[in-house]
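Here's the structure, in structure tokens; my notes come after.
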């Protein structure tokens, strides 16, 4: 049976012949108690919204649900690691300004000069820090519900393209698109 490279067997730390678990930035955005009404009353469970990132351009967001909080968070983390997406970064920021929308939330994310820091509210800040972005400006308009704000942030980030990808689409070189002095190493 082939094991997932991000998971260890339950026996403890990685031993001989096993790959170590990668170091991920993990944060829990919200934990909610939800109820299902049944014949005998209400059955309570929990849902946890989590963000996972490698701080090198990969990020994943997921919702875990279970009868207890710890299991809900663990399920969310496992699901988020499994569904990580890669986002192109430019030095310590994003390549260009993007806007994302989900439900009633709109998120504007702008690239910023080095040393600016992450100027973003709760949910967007967690995603940016997990992604590895150190300099960015953002604004959430409309609903600031964490679920919708995170999904709007991911919608915006999915619109980002690297200079290499854009040059390839246009049939040009990166130097022609960006300019010789702006080409990142």
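The values are calculated or read from the model by the stated rules, or taken from the named source; none is laboratory data. Treat the numbers as computed from the prediction; the structure is a model and nothing was measured. Cβ placement follows ideal geometry from the backbone for every residue including glycine, while neighbour counts extend to all protein chains displayed.
Taking the range 45-56 as the range and being in contact with a strand residue (DSSP E or B) (Cβ under 6 Å, 6 or more places away or on another chain) and at pLDDT below 95 as the test, only 55 passes. Quick check: is even one residue across the range 34-42 more than 22 Å from the chain's Cα centre (by Cα), assigned to a loop (DSSP other than H, G, I, E, B) and modelled with pLDDT under 95? Within the range 34-42, one or more residues are more than 22 Å from the chain's Cα centre (by Cα), assigned to a loop (DSSP other than H, G, I, E, B) and modelled with pLDDT under 95.
Summed over the range 75-115, the residues that are touching a strand residue (DSSP E or B) at 6+ places or on another chain (Cβ under 7 Å), over 25 Å from residue 166 (Cα atoms) and either surrounded by fewer than 16 Cβ atoms within 10 Å (Cβ to Cβ) or not assigned by TED's automatic domain parsing to the domain that holds residue 145 (or both) give a count of 7. Residue under question is residue 45, and the condition is that it be touching a helix residue (DSSP H, G or I) at 6+ places or on another chain (Cβ under 6 Å) and farther than 15 Å from residue 160 by Cβ; does it hold? Taking the combined requirement at face value, the residue does not satisfy it. Taking (1) loosely packed, with under 15 Cβ neighbours inside 10 Å; (2) closer than 21 Å to residue 25 by Cβ in turn, residue 156 satisfies each apart from (1). Residues in the range 33-54 that are surrounded by fewer than 15 Cβ atoms within 10 Å (Cβ to Cβ) and within 30 Å of residue 127 (Cβ to Cβ): how many? Total meeting the criteria: 5.
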